1. Determine the per residue accessible area of the range 35-133 with all protein chains present and a 1.4 angstrom probe, expressed in square angstrom.
2. Considering only N54, T135, T78, whose Cα is most displaced toward the positive end of the charge dipole of the chain, charges sitting on Cβ of Lys, Arg (+1) and Asp, Glu (-1)?
3. For the chain, which whole-number percentage of the solvent-accessible area (1.4 Å probe, protein heavy atoms only) is attributable to carbon and sulfur atoms?
4. Kirkwood Rh over alpha-carbon pairs of the chain, then Stokes-Einstein at 25 °C and 0.890 mPa s: what D in µm² s⁻¹, rounded to an integer?
5. Counting only helical runs of four or more DSSP H residues, what would the 222 nm mean residue ellipticity of the chain come to if each run contributes -39,500 (n - 2.57) and the total is spread over all its residues?
6. Please figure out what share of the DSSP beta bridges in the chain is antiparallel and state it in percent, rounded to the nearest 5.
7. I48: accessible area at probe 1.4 Å, nearest 10 Å²?
8. Roughly what angle does helix 108-126 make with the longest principal axis of the chain, taking Cα atoms, 0 to 90 degrees, to the nearest 10?
Amino acid sequence: RKGLVHFLVAFNVYDGTLLGGCLDKNDHDHFLWGLRQVERRYPKARRIHLIRDNGGSHIAHETHRYFARRPRLRVLYTPAHASWLNQAELLLRAFTAKYLARFDPESRQHLIEYLTLSGPEYNRRFAHPFEWSWTRRDLYAWAAKKGSEICSKTYATVH
């Protein structure tokens, strides 16, 4: 009712901070502007991993060309209906619960100003390093166990 705001978020797993920005549109031009902000924020990073869905701005030809010229940017796509795998989505859920759940903006501009001020406050109050609880070895062990269980159940069901 008061306007749509596209909020692009980058999540730093090393310190738990978010880098957020409001985009005027959800198209490749604005998305690439956001990516440039991330690159400027981390100029010395040898590699930046980007986990994305298959939104139109993410898969546009211009976006693909942009990534082709920047080998330090590594792109991973979440499977369809699996946003829970994306840590930035989990960060957005926490941010929404703390800052947006009971917020009723007076206008689109009010929401943009609120988001702009809330990101740094969120970082000061709540950001913490993301600690991985599973190692690659744990994942492989789980996949080996579950994979054989899933295959045997599927085989039993199908045949």
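1. Numbers: 7090 Å² over 99 residues.
Each residue of the range 35-133 exposes 72 Å² on average to a 1.4 Å probe.
2. T135
3. Values: 6500 of 11650 Å².
Carbon and sulfur: 56 percent of the exposed surface of the chain.
4. Numbers: Rh = 18.2 Å.
Roughly 135 µm²/s, to the nearest whole number.
5. Values: 6 runs with 77 residues, N = 159.
Theoretical 222 nm ellipticity from helices: -15500 deg cm²/dmol.
6. Numbers: 6 of 11 bridges.
Antiparallel: roughly 55 percent of the beta bridges in the chain.
7. Result for I48: roughly 20 Å² accessible.
8. With rounding to tens, the tilt is 60 degrees.
The values are calculated or read from the model by the stated rules, or taken from the named source; none is laboratory data. What you see is a predicted model, and the numbers here were worked out from it, not measured in a lab. All Cβ positions, glycine included, derive from the backbone under ideal geometry; neighbour counts span all protein chains shown. Please note that ligands, DNA and RNA were not included when accessible areas were found on the heavy atoms of the full protein model with its side chains. Shrake-Rupley method; radii C 1.70, N 1.55, O 1.52, S 1.80 Å.
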